Amino acid sequence: MAKDSEAEANFADEVARSRVALELTENIPVGTYTMVLKPGETMARFSFMSSRFLELLGQSREEILRDPAHGFMSVHPEDREAWIELNRAAFEARKPFLHEVRLLVRGQVRWVIAESKPRSLPNGDVVWEGVLTDITAQKTAQAELAAAHRALVASSRSRRVWRSGVDCLKTSMTGLLLNWPSQDFSSAKATFP
């Protein structure tokens, strides 16, 4: 009887911890996910995706569970092939994953960074537990800073060219004035028709 109530208490504690963990993953500002690679497979499948993860991708849980490749469809078309290859290489090598990529969600470009670490399970599966962080604001700020820097450099060049032109004009005028033939015009008489 005591063993039964101890087992029930342990089970209740485990359920409570699981609930806290789920609430945590659903309420933090990053998307969380797990991908499981089965022995003999080359691509892992998503096994858990938080609401924020799905929001960042602009996809539904059902779409991704039905077709694991669908999880990569939000990646910008110009980056998709390279992104899939980066994932495949991490799965093959059983290595941590840390890369940033552009997404195209409902016509809007978003930047995210994905980071995950693998761990082996007793049944031979390897699970990557990871986070997906929206870095669009940082990328936008970097682009704006780079544009401001380019404008400053161009402006600086323009000022140097203008100053160089003015200096050249001053030198030419000074040369003309210094080399002007000196003639005495004091005895010259003005004649008017």
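The values are calculated or read from the model by the stated rules, or taken from the named source; none is laboratory data. Because the structure is a prediction, the values reported are computed rather than measured. Neighbour counts are summed over all protein chains in view; Cβ atoms, including those assigned to glycine, are modelled from backbone coordinates with ideal geometry. Surface accessibility is based on the protein's heavy atoms, side chains included, excluding ligands, DNA and RNA. Shrake-Rupley method; radii C 1.70, N 1.55, O 1.52, S 1.80 Å.
Near Thr32, the amide H atoms lying under 5 Å from its own belong to Ser50, Arg52, Phe53, Leu132; only residues 5 or more places off or on other chains count, and H is placed 1.01 Å from N.
Net charge in the neighbourhood of Asp134 (other residues with Cβ under 14 Å of its Cβ; Lys, Arg +1, Asp, Glu -1) is +1. Tell me, what is the FRET efficiency for Ser60 and Lys3 to the nearest 0.05, using R0 = 30 angstrom and their Cβ-Cβ distance as r? Using R0 = 30 Å, I get an efficiency of 0.10.
Normalised size of the range 18-135, defined as Cα radius of gyration per 2.2 N^0.38 Å with N residues, equals 1.01.
Once the C-beta distance of Gln138 and Glu78 is scaled by a Förster radius of 22 Å, the resulting FRET efficiency is 0.65 to the nearest 0.05.
Extending 7 Å from the Cα toward the beta-carbon at both His70 and Glu26 defines two label points whose distance is 2.1 nm.
If DNA, RNA and ligands are ignored and the probe is 1.4 Å, what is the ranking of Met43, Met73, Met35 by accessible area, most exposed first? Provide the component values of the computation, followed by the final result.
Working: Met43 50, Met73 95, Met35 5 Å².
Correct descending sequence by accessible area is Met73, Met43, Met35.
Net charge near Arg45, counting Lys/Arg +1 and Asp/Glu -1 over other residues with Cβ under 12 Å of its Cβ? Net charge around Arg45: -1.
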